[in-house]
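The values are calculated or read from the model by the stated rules, or taken from the named source; none is laboratory data. Only a predicted model underlies this, so the values are computations on that prediction, with no experimental measurement involved. A quick note on method: Cβ atoms are made from the backbone with ideal geometry, for glycine too, and the neighbour counts reach across all protein chains shown. Protein only, heavy atoms only, side chains kept; ligands, DNA and RNA dropped before computing areas. Shrake-Rupley method; radii C 1.70, N 1.55, O 1.52, S 1.80 Å.
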Amino acid sequence: GAGVSQSPSNKVTEKGKDVELRCDPISGHTALYWYRQSLGQGLEFLIYFQGNSAPDKSGLPSDRFSAERTGGSVSTLTIQRTQQEDSAVYLCASNGGRETQYFGPGTRLLVL
Amino acid sequence: DAKTTQPPSMDCAEGRAANLPCNHSTISGNEYVYWYRQIHSQGPQYIIHGLKNNETNEMASLIITEDRKSSTLILPHATLRDTAVYYCIVRAGGNQFYFGTGTSLTVIP
């Protein structure tokens, strides 16, 4: 079946611009996660959505970062006024109540 | 969630067993041990998880010590496609998986 998809696969932007990253989870999965992975580093948790509950935003690094999940399915991660240190791979994962997370291929963001 | 300690890198000869260690000395009784791997330029992939008992699936085996303070992931016959970063994670459930920096495994022809 279809896995987690993310778009765009690559994004190059100028410092100060806003960007939106999209995640389409596996159909029926109630939980959705966003992570960030800088070059050569491990995964950094950003935000977690579970059903209709309030999201866990504890990993968002600043108020320039926000995320939405509309209709319990597609999620958008928005970064406002991008900075060069925001350059990273942004990974989305979903799970359907079991313990394993299924990851998308990521969006590679480069802020010039 | 408890944190884990893994060696930064390991090599393994193709066809041989790869044994990847993980220390989790502060693990709590309700925390599971998970293993994921990340092949270059891809998202992480689930491998296996367990609580107390040893586990085996089509990808690997997980050996957890009796005191649960450490575990070993075993790839029985490593192939070149197993070259990846392997992450050991302990988690009680809830929201976060703390991935750390993992072990970079290189399978050598």
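For region B:12-33, a tally of residues being over 11 Å from the mean Cα position of the chain (by Cα) and either at pLDDT below 95 or within 13 Å of chain A (Cβ to nearest Cβ) (or both) returns 9. Just so you know, in region A:24-57 the residues that are within 11 Å of another protein chain (Cβ to nearest Cβ) and more than 17 Å from B:Phe99 (Cα to Cα) include one that is surrounded by the most Cβ atoms within 10 Å (Cβ to Cβ), and it is A:Phe49.
Being farther than 30 Å from A:Ser7 by Cα and not polar (S, T, N, Q) holds for only one residue in B:Pro44, B:Pro109, and it is B:Pro109. Within region B:77-109, the set of residues being out of contact with any strand residue (DSSP E or B) (no Cβ under 7 Å at 6 or more places or on another chain), more than 12 Å from chain A (Cβ to nearest Cβ) and in a loop (DSSP other than H, G, I, E, B) comprises B:His77, B:Pro109.
Residues in region A:97-112 that are assigned to a strand (DSSP E or B) and either open to solvent by 70 Å² or more (accessible area, probe 1.4 Å) or within 21 Å of B:Ile39 (Cβ to Cβ) (or both): A:Tyr102, A:Phe103, A:Thr107, A:Arg108, A:Leu109, A:Leu110. In region A:3-15, the residues that are assigned to a loop (DSSP other than H, G, I, E, B) reach residues that are of a type in the set (Phe, Trp, Tyr) with C-beta atoms within less than 7 angstrom, at least six apart or across chains, in these pairs: A:Gly3/A:Tyr102; A:Val4/A:Tyr102; A:Val4/A:Phe103. For region B:54-63, the candidate set comprises residues that are in contact with a strand residue (DSSP E or B) (Cβ under 7 Å, 6 or more places away or on another chain) and part of a loop (DSSP other than H, G, I, E, B); within that set, the residue that is least open to solvent (accessible area, probe 1.4 Å) is B:Ala60. Taking the criterion of being acidic (Asp, Glu) and open to solvent by less than 40 Å² (accessible area, probe 1.4 Å), the only residue of region B:64-82 that qualifies is B:Asp82. Counting the residues of region B:98-109 that are buried (at least 21 other Cβ atoms within 10 Å of the Cβ) and at pLDDT below 95 gives 2. Filtered by the rule that a residue be of a type in the set (Gly, Ala, Ser), out of contact with any Leu (no Cβ under 7 Å at 6 or more places or on another chain) and more than 14 Å from chain B (Cβ to nearest Cβ), region A:58-77 gives A:Ser62, A:Ser66, A:Gly71, A:Gly72, A:Ser73.
Checked across region A:78-96, the condition of being within 24 Å of B:Tyr36 (Cα to Cα), within 14 Å of chain B (Cβ to nearest Cβ), buried (at least 17 other Cβ atoms within 10 Å of the Cβ) and touching a Pro at 6+ places or on another chain (Cβ under 6 Å) holds for at least one residue. Within region B:34-57, the set of residues being within 9 Å of chain A (Cβ to nearest Cβ) and of a type in the set (Ser, Thr, Tyr) comprises B:Tyr34, B:Tyr36, B:Ser41, B:Tyr46.
So, of the residues in region A:1-23 that are of a type in the set (A, V, I, L, M) and open to solvent by 40 Å² or more (accessible area, probe 1.4 Å), which turns out to be nearest to the chain's Cα centre (by Cα)? Out of the qualifying residues, it is A:Val12.
If you filter region A:42-57 down to residues that are part of a loop (DSSP other than H, G, I, E, B) and touching a residue at least 12 places away in the same chain (Cβ under 8 Å), you find that the one that is nearest to A:Gln83 (Cα to Cα) is A:Leu43.
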